[in-house]
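Novice: Dropping a structure here in C-alpha coordinates format, bear with me for questions.
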Amino acid sequence: FTEAGVWGFNPDYLIGIGLFGLPLEEWLFFLIIPFCSLFTHFAFFYAFPNIRLHRKLTTFLTFLVLLIALLLIVFNLGKLYTLVNFSALVLVLALGGIYKFELLQQFYISFLLILIPFFIVNGVLTGALTDMPVVWYNNSETLGIRLYTIPVEDIGYCFSMLFGNLMIFEHLKSKLI
(Lines give C-alpha, C1' and ligand atoms only; values in the text may rest on other atoms or scores of the structure.)
Protein backbone atom coordinates (compact mmCIF):
# COMPACT_ATOMS: atom_id res chain seq x y z
CA PHE A 1 0.00 0.00 0.00
CA THR A 2 2.86 2.39 0.67
CA GLU A 3 4.36 1.80 -2.78
CA ALA A 4 0.93 2.22 -4.42
CA GLY A 5 0.33 5.49 -2.55
CA VAL A 6 -2.68 4.13 -0.66
CA TRP A 7 -1.20 5.12 2.66
CA GLY A 8 2.01 6.57 3.95
CA PHE A 9 3.85 7.80 6.99
CA ASN A 10 4.83 11.25 8.15
CA PRO A 11 8.64 11.15 8.39
CA ASP A 12 8.57 13.67 11.24
CA TYR A 13 7.37 10.87 13.53
CA LEU A 14 9.72 8.11 12.33
CA ILE A 15 13.18 7.19 13.59
CA GLY A 16 14.33 6.44 10.04
CA ILE A 17 14.87 2.69 10.17
CA GLY A 18 13.02 0.75 7.48
CA LEU A 19 12.68 -2.83 6.31
CA PHE A 20 11.19 -3.89 2.95
CA GLY A 21 9.78 -0.41 2.35
CA LEU A 22 8.06 -0.07 5.73
CA PRO A 23 9.28 1.87 8.73
CA LEU A 24 10.28 -0.04 11.84
CA GLU A 25 7.35 1.52 13.67
CA GLU A 26 4.89 -0.15 11.27
CA TRP A 27 6.52 -3.54 11.74
CA LEU A 28 6.27 -3.09 15.51
CA PHE A 29 2.61 -2.06 15.09
CA PHE A 30 1.93 -5.34 13.22
CA LEU A 31 3.49 -7.29 16.09
CA ILE A 32 2.37 -5.42 19.20
CA ILE A 33 -1.23 -4.48 18.33
CA PRO A 34 -2.40 -8.03 17.50
CA PHE A 35 -0.65 -9.37 20.59
CA CYS A 36 -2.28 -6.81 22.90
CA SER A 37 -5.66 -7.17 21.23
CA LEU A 38 -5.70 -10.95 21.45
CA PHE A 39 -4.43 -10.72 25.02
CA THR A 40 -7.58 -8.67 25.71
CA HIS A 41 -9.68 -11.38 24.06
CA PHE A 42 -8.10 -14.19 26.10
CA ALA A 43 -8.17 -12.23 29.37
CA PHE A 44 -11.85 -11.42 28.94
CA PHE A 45 -12.79 -15.03 28.26
CA TYR A 46 -10.58 -16.25 31.07
CA ALA A 47 -12.69 -14.12 33.42
CA PHE A 48 -16.00 -14.86 31.65
CA PRO A 49 -15.55 -18.24 29.91
CA ASN A 50 -19.21 -18.92 29.18
CA ILE A 51 -20.18 -15.66 27.52
CA ARG A 52 -20.99 -15.93 23.83
CA LEU A 53 -23.53 -14.65 21.40
CA HIS A 54 -26.52 -16.80 20.61
CA ARG A 55 -26.08 -18.96 17.53
CA LYS A 56 -28.87 -17.19 15.59
CA LEU A 57 -27.47 -13.73 16.37
CA THR A 58 -23.98 -14.79 15.33
CA THR A 59 -25.35 -16.20 12.08
CA PHE A 60 -27.35 -13.02 11.42
CA LEU A 61 -24.37 -10.72 12.14
CA THR A 62 -22.06 -12.81 9.99
CA PHE A 63 -24.43 -12.79 7.01
CA LEU A 64 -25.12 -9.08 7.45
CA VAL A 65 -21.43 -8.15 7.54
CA LEU A 66 -20.71 -10.49 4.63
CA LEU A 67 -23.49 -8.89 2.57
CA ILE A 68 -22.34 -5.34 3.35
CA ALA A 69 -18.70 -6.22 2.63
CA LEU A 70 -19.59 -7.91 -0.66
CA LEU A 71 -21.66 -4.92 -1.76
CA LEU A 72 -18.83 -2.55 -0.86
CA ILE A 73 -16.42 -4.68 -2.88
CA VAL A 74 -18.68 -4.84 -5.95
CA PHE A 75 -19.39 -1.11 -5.98
CA ASN A 76 -15.81 -0.02 -5.19
CA LEU A 77 -13.58 -2.24 -7.30
CA GLY A 78 -11.37 0.73 -8.19
CA LYS A 79 -10.55 1.59 -4.57
CA LEU A 80 -7.61 -0.60 -3.62
CA TYR A 81 -7.75 -0.16 0.16
CA THR A 82 -11.50 -0.81 0.23
CA LEU A 83 -11.20 -3.81 -2.08
CA VAL A 84 -8.39 -5.52 -0.18
CA ASN A 85 -9.74 -4.91 3.33
CA PHE A 86 -13.29 -5.98 2.65
CA SER A 87 -12.12 -8.97 0.58
CA ALA A 88 -10.02 -10.10 3.54
CA LEU A 89 -13.02 -9.58 5.82
CA VAL A 90 -15.20 -11.75 3.55
CA LEU A 91 -12.58 -14.50 3.50
CA VAL A 92 -12.02 -14.48 7.27
CA LEU A 93 -15.74 -14.36 8.08
CA ALA A 94 -16.52 -17.17 5.65
CA LEU A 95 -13.78 -19.36 7.11
CA GLY A 96 -14.83 -18.47 10.64
CA GLY A 97 -18.48 -19.18 9.90
CA ILE A 98 -17.63 -22.57 8.44
CA TYR A 99 -14.79 -23.80 10.63
CA LYS A 100 -14.69 -21.72 13.82
CA PHE A 101 -18.28 -20.71 14.50
CA GLU A 102 -18.02 -21.05 18.30
CA LEU A 103 -14.95 -18.83 18.26
CA LEU A 104 -16.85 -16.28 16.19
CA GLN A 105 -19.61 -16.30 18.83
CA GLN A 106 -17.03 -15.16 21.37
CA PHE A 107 -14.96 -12.89 19.15
CA TYR A 108 -17.84 -10.59 18.25
CA ILE A 109 -18.04 -9.75 21.97
CA SER A 110 -14.32 -9.27 22.58
CA PHE A 111 -14.02 -7.26 19.35
CA LEU A 112 -16.32 -4.63 20.84
CA LEU A 113 -13.89 -4.33 23.77
CA ILE A 114 -10.89 -4.25 21.44
CA LEU A 115 -12.44 -1.39 19.47
CA ILE A 116 -12.01 0.94 22.48
CA PRO A 117 -8.18 1.02 22.42
CA PHE A 118 -8.32 0.63 18.62
CA PHE A 119 -10.15 3.96 18.28
CA ILE A 120 -7.78 5.64 20.71
CA VAL A 121 -4.55 4.41 19.09
CA ASN A 122 -5.69 4.67 15.48
CA GLY A 123 -7.29 8.04 16.21
CA VAL A 124 -3.97 9.39 17.43
CA LEU A 125 -2.11 7.87 14.47
CA THR A 126 -4.55 9.28 11.91
CA GLY A 127 -4.50 12.84 13.24
CA ALA A 128 -6.97 13.14 16.11
CA LEU A 129 -4.51 15.19 18.17
CA THR A 130 -2.46 16.91 15.49
CA ASP A 131 -2.80 18.62 12.15
CA MET A 132 -0.14 16.31 10.71
CA PRO A 133 -1.11 12.65 11.18
CA VAL A 134 1.46 9.92 11.70
CA VAL A 135 -0.29 7.78 9.08
CA TRP A 136 -2.09 9.30 6.10
CA TYR A 137 -4.54 7.65 3.70
CA ASN A 138 -5.24 8.45 0.07
CA ASN A 139 -9.00 9.08 0.06
CA SER A 140 -9.25 8.12 -3.59
CA GLU A 141 -8.37 4.54 -2.53
CA THR A 142 -10.90 4.44 0.33
CA LEU A 143 -14.61 5.03 0.69
CA GLY A 144 -13.77 8.44 2.12
CA ILE A 145 -15.85 7.64 5.22
CA ARG A 146 -14.07 8.27 8.49
CA LEU A 147 -15.07 7.37 12.00
CA TYR A 148 -13.42 10.08 14.00
CA THR A 149 -10.25 10.32 11.88
CA ILE A 150 -10.06 6.61 11.00
CA PRO A 151 -11.03 5.24 7.57
CA VAL A 152 -14.00 2.90 8.01
CA GLU A 153 -12.04 0.20 6.17
CA ASP A 154 -9.70 -0.03 9.17
CA ILE A 155 -12.45 -1.64 11.23
CA GLY A 156 -12.71 -4.44 8.67
CA TYR A 157 -8.93 -4.65 8.57
CA CYS A 158 -8.77 -4.88 12.37
CA PHE A 159 -11.40 -7.62 12.50
CA SER A 160 -9.75 -9.62 9.71
CA MET A 161 -6.27 -9.33 11.14
CA LEU A 162 -7.28 -10.27 14.67
CA PHE A 163 -9.85 -12.95 13.96
CA GLY A 164 -7.64 -14.43 11.25
CA ASN A 165 -4.75 -14.67 13.71
CA LEU A 166 -7.06 -16.05 16.38
CA MET A 167 -8.32 -18.80 14.05
CA ILE A 168 -4.75 -19.75 13.15
CA PHE A 169 -3.75 -19.75 16.82
CA GLU A 170 -6.70 -21.92 17.84
CA HIS A 171 -6.09 -24.31 14.94
CA LEU A 172 -2.42 -24.70 15.85
CA LYS A 173 -3.27 -25.06 19.53
CA SER A 174 -5.70 -27.88 18.74
CA LYS A 175 -2.94 -29.69 16.80
CA LEU A 176 -0.50 -29.42 19.70
CA ILE A 177 -2.83 -30.46 22.51
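Novice: How long are the three semi-axes of the equivalent ellipsoid of segment 118-175, in whole Å, if each is the root of 5 times an eigenvalue of the C-alpha gyration tensor, listed from largest down?
Specialist: Ellipsoid half-lengths, sorted descending, are 29, 13, 8 Å.
Novice: Can you pull the accessible area of Lys100 for me, 1.4 Å probe, Å² to the nearest 10?
Specialist: That residue has around 50 Å² of solvent-accessible surface.
Novice: Keeping all protein chains in place and using 1.4 angstrom, which order do Asp131, Asp154 fall into by accessible surface area, from largest down?
Specialist: Sorted descending by solvent-accessible area, the residues read Asp131, Asp154.
Novice: Could you look at segment 31-79 and say what percent of its accessible area is carbon and sulfur, using a 1.4 Å probe and all protein chains?
Specialist: Ligands and nucleic acids excluded, carbon and sulfur reach 80 percent.
Novice: Let me ask something else. Compute the accessible area per residue over the chain, keeping the other protein chains in place, probe 1.4 Å, unit Å².
Specialist: Normalised by residue count, the accessible surface of the chain is 58 Å².
Novice: In addition: Based only on Cα atoms, what Rg/Rh ratio does the chain have, Rh being taken as Kirkwood's radius?
Specialist: Rg/Rh for the chain comes to 0.98.
Novice: Hey, what angle do you get for helix 80-99 against the long axis of the chain, alpha-carbon based, 0 to 90 degrees rounded to 10?
Specialist: Orientation of helix 80-99: about 10 degrees from the principal axis.
Novice: Under unit Cβ charges (Lys, Arg +1; Asp, Glu -1), what dipole magnitude, rounded to 20 debye, does segment 130-177 have relative to its Cα centre?
Specialist: Here segment 130-177 has a charge dipole of around 280 debye.
Novice: Under a straight-distance cross-link criterion of Cα-Cα below 27 Å, which lysines are reachable from Lys100, leaving out those fewer than 8 residues away in the same chain?
Specialist: Correct list for Lys100: Lys56, Lys173, Lys175.
Novice: Right, something else. Using protein chains only and a probe of 1.4 angstrom, how many square angstrom of Ser110 are accessible, to the nearest 10?
Specialist: That residue has around 0 Å² of solvent-accessible surface.
Novice: Quick one: angle between helix 101-125 and the longest Cα principal axis of the chain, in degrees between 0 and 90, rounded to 10, please.
Specialist: 20
Novice: Which residues' amide hydrogens lie under 5 Å from the amide hydrogen of Trp136, considering only partners 5 or more residues apart or on another chain, with H built in the peptide plane?
Specialist: Amide H to amide H, under 5 Å and 5 or more residues apart or across chains, Trp136 pairs with Gly8, Phe9, Asn10.
The values are calculated or read from the model by the stated rules, or taken from the named source; none is laboratory data. These numbers come from a predicted model, not from an experiment. Every residue, glycine among them, receives a Cβ derived from its backbone with ideal geometry; neighbour counts consider all protein chains shown. Please note that ligands, DNA and RNA were not included when accessible areas were found on the heavy atoms of the full protein model with its side chains. Shrake-Rupley method; radii C 1.70, N 1.55, O 1.52, S 1.80 Å.
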